[in-house]
Structure formats: structure tokens, C-alpha cells
1. Could you let me know the centre-to-centre spacing of the range 47-109 and the range 377-421, using Cα atoms, in angstrom?
2. For the chain, what size does the Cα cloud have along each of its three principal axes, sorted from largest down, in whole Å?
3. Once the piece of chain linking residue 547 and residue 466 is laid out straight, how much longer is it, given 0.36 nm per residue of separation minus the C-alpha distance between them?
4. Could you tell me how many degrees, from 0 to 90 and to the nearest 10, lie between the Cα long axis of helix 485-505 and the main elongation axis, the longest principal axis, of the Cα atoms of the chain?
5. Between the range 258-321 and the range 559-596, what's the alpha-carbon centroid distance in Å?
6. Note the full-extension length gain between residue 105 and residue 83 as 0.36 nm times their separation in residues minus their Cα-Cα distance, in nm to one decimal.
7. Report the rotationally averaged projected area of the range 263-505 based on its alpha-carbon convex hull, in square nanometres.
8. Normalised by the residues of the chain, what does the relative contact order come to in percent, with Cα pairs under 8 Å and at least six apart?
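Derivation of every value follows stated rules applied to the coordinates shown; laboratory data play no part. Small disclaimer: the values here were computed from a predicted structure and weren't measured. A quick note on method: Cβ atoms are made from the backbone with ideal geometry, for glycine too, and the neighbour counts reach across all protein chains shown.
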């Protein structure tokens with residue numbers, strides 16, 4: 001679509017151009033394209049550049065800017081945001097990128113420069129923090145003056161990059177940021193590689209270009225380059241080029257976007273992503289999901305290996321359209337996580353929020369999923385989700401025409417379940433990360449000691465599978481596998497041998513002391529607080545010995561902080577957990593220059609001084625927690 005310059009009466013410096021695209025849509029050329037959406041004398045700006053756009057708005061009859069909406073965090077998009085702060089113009093930023101606006105000093109203080117194999121272009125971050133007013137959550141709709149801006153995640157140019165799609169002057173307009181600069185072209189290539197020598201950013205681009213094309217926009221407004229129409233062809237052209245390059249340079253002929261569902265049994269479907277998603281589809285078209293995580297290993301690896309301060313794993317919708325169109329799925333009725341790990345559960349909040357999906361889980365996972373800030377376990381996903389039902393040991397439930405039974409299956413983590421049932425005449429087990437294939441034959445389990453593994457965890461799980469002997473195992477990764485009785489014997493023996501190795505390696509006579517780091521614990525581990533507030537917390541004492549045990553403790557607090565009580569004595573019977581409440585008081589004058597303020601617990605166990613066995617980190621800036629928008633104070637079991 002052609003644009004026309006609106007030059008009469010405007011003062012411009014070289015390189016600064018204000019153009020009219022349609023009746024209520026204008027473009028200002030700056031360090032990036034700044035788009036002005038007008039409603040009477042008010043406006044929303046898409047990106048902000050240097051801020052010079054403010055000098056031109058009066059020529060359009062605009063007296064007030066209600067919002068600045070950013071597509072991503074690079075300096076060319078937002079270097080003028082401090083001016084917006086001075087004028088009290090609210091700024092909304094992509095949820096994934098908020099730390100690059102609000103906690104810039106933390107980023108620059110921790111960004112690796114030497115021995116650096118994280119080649120993400122996060123060096124193009126602001127040099128000083130700015131104040132933001134809200135986040136733009138993926139897949140939400142931002143409403144302003146009758147306009148509805150849909151937030152489409154478009155990772156590639158940056159990991160948290162988003163596009164905004166809205167109906168303006170009768171046209172469906174996509175504000176695409178730096179996803180595309182012109183038909184079949186991008187502005188930069190150096191932004192499209194995150195891990196050293198990898199094709200990850202290009203893989204993201206294939207995903208994002210396809211998802212953007214599905215919106216059928218009439219006009220695309222890029223951050224660099226001219227607005228243009230015929231958007232489907234433009235996006236398809238660029239996607240095809242990235243597909244060709246992935247195959248040429250990285251020998252990748254199946255981008256993450258192409259990892260698709262496949263039928264295993266007439267009523268059982270697998271999405272073989274980074275972690276498997278297993279879907280049971282009933283005759284009525286209702287679907288039961290076991291896990292729903294990242295579309296591919298690439299989409300996890302970017303966060304898993306090269307985390308930067310404030311980064312969060314980004315859930316991305318995938319494959320639901322194929323399940324509807326090709327597998328007869330009509331409704332995502334129920335989802336159950338095999339365990340709490342982020343690569344398995346990160347898509348569950350999306351299903352809950354956008355598809356009204358119920359979430360059930362094994363009973364010992366409920367609090368972790370609902371209050372993830374309470375724990376310091378490996379692979380914890382930070383977004384809280386509402387659990388509709390907790391399932392107990394051996395509990396059987398009926399869903400549609402299927403009956404399932406769940407069991408505690410510790411080993412990989414204590415917060416893990418196996419689910420057994422019969423599907424299409426086959427005894428099936430959904431095993432999560434507890435059953436894995438061994439190269440050369442056989443099966444084994446998997447353990448992460450950080451995730452609360454106990455001395456008999458594998459023994460419990462190995463015995464359970466030996467007793468049930470499912471014919472088809474649907475694991476968390478790879479598979480599925482048909483496993484016979486002899487192979488279950490081998491698996492059981494492996495589990496016992498694993499524990500024998502532990503006993504041979506560990507010095508303490510009580511193996512639990514070498515395996516379980518959190519038998520003395522401060523809960524919640526990351527409580528939110530602000531200066532002058534009081535926070536309800538708990539001391540958890542779990543007796544991991546075979547005899548009655550007593551903990552004497554004293555809290556170690558920053559200067560000026562108080563706790564009531566600040567010390568105590570608690571006795572627990574073998575295998576039992578006792579809980580003591582206390583109230584933590586934060587001083588009115590507490591600085592929030594550092595977001596996390598650690599506290600500790602000094603312990604004496606059964607008369608033996610053990611020192612500071614436990615700690616917690618008080619979150620002094622809960623307003624920066626984009627998972628709750630800073631409004632929900634994240635109550636936990638301690639409240």
C-alpha cells in the first residue's frame with residue numbers, strides 16, 4: 001500500500017519524516033519507525049525511538065499520549081523512554097522483555113563478556129532503567145479507545161519480540177517490529193543467533209513468520225523499512241528463505257514449526273516436541289493432555305543454557321490447529337502434568353487461560369504449580385496456575401470412556417506421577433521422565449538430586465512398573481516404547497543398582513543426609529514484600545532420621561529487620577514434617593536497590609550445631625514480577 005507524506009506545516013530535521021498512512025495511522029521516522037494511532041486528540045505510539053515524535057504530535061491535533069506499546073527492548077525502539085517517564089506517559093512492554101527495561105543495571109552487572117558463547121544481541125539494551133506501567137502478555141488483547149491490539153509472540157529478532165495486530169481505519173494492521181523489514185527481507189542477521197554457531201534464531205523466525213501469516217493482515221508496519229501490503233506473500237517469501245538457509249547451513253530440514261502430531265493408537269496422539277505431549281481424544285472430540293511444553297528442544301535450549309538475569313522460559317502455542325483439523329479434537333477438556341518441570345508444564349497456563357482447560361495433578365505437586373515462588377527446585381516454571389483437582393496415591397478416575405489410575409513415581413523428582421490406563425485394548429503408562437531408553441538396549445530412570453530425591457525413590461518406582469507391566473510406555477521424551485516383562489525386570493534391577501551406587505558414594509551413614517538438601521526449609525522461598533510490610537513465613541522441619549529429632553533454630557536477618565518469633569525449637573517424629581509460623585517485618589526505610597534480600601536460618605540438630613542450613617530470598621520488587629502484573633501478592637500456604 002502506498003503512503004503519502006504529510007509535510008505541510010511540519011518542521012523536520014534530516015532523517016525525520018512524518019507520514020500519513022490512513023486517517024488515524026501515522027508514521028514518524030526516527031531511530032526506528034514510530035507508529036501513531038490516533039483517536040481524536042489522544043494517541044497510542046507503537047515504539048518510541050528517541051522520543052522526538054513528541055515534538056510533532058501537535059501538528060496532528062494530538063495533545064495526549066495515553067500509551068507507548070513496545071514490540072521489543074532494543075535501544076533503537078526505546079532509547080527515549082526516559083523522556084516518556086519525565087512526562088508520565090505510561091509504557092507497556094513485552095512480558096518476556098521487562099527486565100531489559102526495568103532492571104537494566106542488573107543485566108549490565110551480570111552480562112557475560114569474556115568466554116562468551118551467548119551471542120544474543122542483548123547488548124543492544126538500554127543503559128539505564130526506565131519505569132514501565134504494565135506488560136503485554138503473549139496472546140492477550142490490549143484495548144484502547146475501541147482499538148484491540150492482539151499480542152502475537154514473534155521470537156526471532158529477540159527472544160521476547162512481539163507483534164501487535166489491530167483493526168485501524170478498516171484495515172487489519174500488523175505492527176511487526178523487526179520481524180520483517182520488507183517482503184522477503186530482514187533488517188539484521190546478527191540478531192538471529194543466540195547460541196554460538198547455532199541456527200536457533202532462524203528456527204524461531206520460521207515459527208514467527210508462519211504464525212504472523214495466519215493473521216491475514218492487510219498491512220504490515222515494520223520497525224525499519226516501508227509499510228507494505230500483500231503481507232501473506234511477503235511473509236511466506238521470508239519464511240521460505242529461512243527454511244532454505246536452515247537446511248543449507250545447519251542441516252535442519254524439519255524446523256520446530258514442523259514438529260507435528262502423529263497417531264499412536266486410534267485414540268492416542270503424540271506431539272514429539274522438546275518434551276512429549278500425549279493427547280487422548282475421546283469419541284466425543286474432547287481431549288485429555290498429558291503435559292504441554294515447548295515445541296522443540298531449540299525453544300527450551302535458548303533459555304535453559306543461556307539464561308540472563310530476569311529471563312523466563314517463553315511458552316508458545318503449537319499444534320492445536322492440527323489437532324482440530326486432522327485428529328478430530330473439539331475441546332481441550334483436561335490436562336495433567338507428569339511432573340512439575342517447566343519443559344513439561346509451560347503451556348498449561350495458556351490452555352487454562354485461552355481454552356478453559358481444567359488442570360489436575362498428583363497431590364504433592366499442587367502447591368508447586370499454584371505457588372512456584374515457594375520453592376527452590378530445579379526447572380520450576382514461574383507462572384502460577386490454578387489446580388482444579390489433586391489426585392492421591394492409587395486414585396482412579398473416569399474421563400469420558402477411559403479409566404486411569406495415578407501413582408507417585410519419585411526418582412527424577414519427588415513431585416512426579418505415573419498414569420496408567422487402557423487405550424484401544426493396550427495397557428498404557430504415561431511415565432514422564434521416569435523411564436528412559438538406554439543406547440544399545442534396555443531402560444533406566446533419571447534423577448536430579450536437586451529435585452528432592454530420597455534413598456528409596458527409584459526402588460518405589462521400579463517396583464511399581466514391575467508390578468503393573470504396561471505394554472506401551474509413553475515417556476516424557478522420545479518413545480513410545482513397547483516393553484515386555486523381561487525388560488521391566490531389567491528396569492527394576494537398574495533402579496536398585498542406582499541406589500546401591502549412591503550408598504557407595506555417600507559418606508553419611510544416613511543416605512538421606514547426602515540426598516535431601518531441604519529437610520530444614522524456609523517457606524515460601526521467595527516471598528514478595530515491600531518496605532514496611534509484614535510477611536507470613538514458615539519454618540519447615542522434616543525428620544529424615546529413623547528416630548525422633550529436634551531442631552533448635554534462630555533466624556539470621558538483615559539489620560533493622562524483625563521476626564516474631566525469631567527463634568524456636570521443634571521436634572518431629574521419623575518421616576514427619578513439622579511447621580512453625582513466623583511473621584517477618586521489613587523496615588519502612590528498606591532500600592529496594594537490590595531486588596532480592598536473603599535471610600537465613602541458623603540450626604542446631606539434636607544438639608549438634610549445623611550452622612545456616614536454610615535461606616530464603618525476599619523479593620523487594622514484586623511489582624516487577626510480570627507473571628502476576630505486580631497486583632496479585634501471590635499468597636501461599638503460609639498465608
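1. First find each Cα centre; the distance between them is then 44 Å.
2. 87, 64, 46
3. Gain on stretching residue 547 to residue 466: 26.0 nm.
4. It works out to around 90 degrees.
5. First find each Cα centre; the distance between them is then 39 Å.
6. Taking 0.36 nm per residue and subtracting the Cα distance, the gain is 6.1 nm.
7. If I average the Cα hull's projected area over directions, I get 13.1 nm².
8. Value for the chain: 7 percent.
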